[in-house]
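Colleague: One structure is given below, represented as structure tokens, and several questions about it will come after.
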Amino acid sequence: MYRKYDGSLHWHQTMRRLGADDHGVWLGADAGSIARKGDGPAVVLEHSQVMLIPDDAWWIAAFHAPPAQMEIYCDVTTPARWPDPGLVTMVDLDLDVCRMRADRRVRLLDEDEFAEHQTRYGYPADVIGRANDTSAWLFRALGDGVEPFASGYRRWLTPLH
């Protein structure tokens, strides 16, 4: 469950725990699963996806099954916390890094939202620094195709589609 820095509910959905490896905990959702933004309307997933929740990292990654145009979508967040085994929470820090499937182009998204929310939510300087450092690292990692962004995620995604 994602929250914004003021504690308000952001994106949330139910996924099943697939397992864990050296990169973190893997969760999965089949095409047709439901996600919601806050208390907004249901959003139906068009493609299966797996989500990687790394230990003590400032990001979360979603890997989308073909033929989704976006292969990987990473949210810059505070480190994930597991208040109980069936619930993971993190604070969304606005910046996102994605890689498109067709041309493998990497994009940094929502810099304007990040700048606006620094003022609105009063992000501390260390949070701003970690978010910027994390987005730069993700941009390089997705471009270079290092694991877990190369191909290892496919073993978690394949059974879902």
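Since every read-out is calculated from the coordinates, none of them should be taken as a lab result. Keep in mind that this is a model prediction, so the values were computed, not measured. Cβ sites come from the backbone with ideal geometry, for glycine too, and all protein chains shown count toward neighbours.
Colleague: Sort 127-135, 29-37 by packing, meaning the average of other beta carbons within 10 Å per residue, with the highest value first.
Modeller: So the peptides 127-135, 29-37, ranked by packing, come out 127-135, 29-37.
Colleague: Calculate how many DSSP beta bridges within the chain are antiparallel, expressed in % of all such bridges and rounded to the nearest 5.
Modeller: Taking every DSSP beta bridge with both residues in the chain, the antiparallel ones total about 95 percent.
Colleague: Rounded to the nearest Å, what's the spacing between the alpha carbon centres of the stretch 78-111 and the stretch 125-153? Just the number, please.
Modeller: After rounding, the separation between the Cα centres reads 10 Å.
Colleague: Could you tell me the relative contact order of the stretch 2-160? Use alpha-carbon pairs under 8 Å, at least six residues apart, and round to a whole percent.
Modeller: Working: 317 pairs, mean separation 30.0, N = 159.
Across the stretch 2-160, relative contact order equals 19 percent.
Colleague: A follow-up question, please. With label points built 7 Å along Cα→Cβ from the Cα atoms of D39 and T89, find their separation and express it in nm.
Modeller: Output for this residue pair reads 1.7 nm.
Colleague: Continuing with the same structure: Based only on Cα atoms, what mean projected area does the convex hull of the stretch 1-139 have, in nm²?
Modeller: Its Cα hull, projected and averaged over all orientations, spans 8.5 nm².
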